Every structure is written in C-alpha cells, then in structure tokens.
1. Residues to consider are 100, 36; find the one that is within 20 Å of the chain's Cα centre (by Cα) and among the small types (Gly, Ala, Ser).
2. Considering only residues that are at pLDDT below 95 and surrounded by 15 or more Cβ atoms within 10 Å (Cβ to Cβ), look in the range 70-93 and name the one that is farthest from residue 43 (Cα to Cα).
3. Could you tell me whether residue 11 is surrounded by fewer than 10 Cβ atoms within 10 Å (Cβ to Cβ) and either under 30 Å from residue 66 (Cβ atoms) or not aromatic (Phe, Trp, Tyr) (or both)?
4. Go through the range 40-59 and count every residue that is farther than 19 Å from residue 102 by Cβ and either among the hydroxyl-bearing types (Ser, Thr, Tyr) or in contact with a strand residue (DSSP E or B) (Cβ under 7 Å, 6 or more places away or on another chain) (or both).
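The values are calculated or read from the model by the stated rules, or taken from the named source; none is laboratory data. Because the structure is a prediction, the values reported are computed rather than measured. Every residue, glycine as well, gets a Cβ built from its backbone with ideal geometry; the counts of neighbours run over all protein chains shown.
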Amino acid sequence: MSFGLQVLLLGAGTYLFRISVVELAAGRDIPARYEAMLQLIPPAVLSALVASSLALENGSIRPFGPWWVAAAISTVVAAKTRSAAWTLAVGMVSVWILTALW
C-alpha cells in the first residue's frame, strides 16, 4: 500500500471518528459534570505541549537557558493575571528578548 493511500485512509478514519462523536452527541444535553471536565482539556493540552517543548530539545533534556527563564516569567504572569492571552504574549516576548541577550 502506498504512503499516500495510507495517509488518505488514516485521514478518513480520523474524520469519521470525529464526526461520529458529533453526530452521537447532537440534540442531547451534556451533563454538567462532563461539561466541567471538557473545560479542563484545552489547558491540559497546552500545558503538555509547553512542558514537552520546554524540557526536550532534539530528544534530549534541554539545558538551562532562556526558555526556562521565560517559562518562569510566564508562570508568574499566569498566576497574577489568570489570562491565557497575557501569559502567551509575555512568554513569547520573553523568549525573543532572552534568546537575543543570552
């Protein structure tokens, strides 16, 4: 089986799985308990992505540097403002400035 066909089949399978969940949930009320749990998914995914990119570089542990300092600054901003937008903005600016100065 060619690589292109494999990609198309996997894409179609993923699409069908996602659309089936949407169709099964259409017209039904989601219990408050599940809605509360669903609201925790985006922060958990973002945290996992940030933690993995912070800790690893090319498959090995990232040494101390501007990324770690920017993460600390972003953590303080997140705790003070509780705003994802401010946290991401300050984090990106911190990375740019600290990388240029490091």
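1. It is 36.
2. Out of the qualifying residues, it is 70.
3. Taking the combined requirement at face value, the residue does not satisfy it.
4. Total satisfying the criteria: 2.
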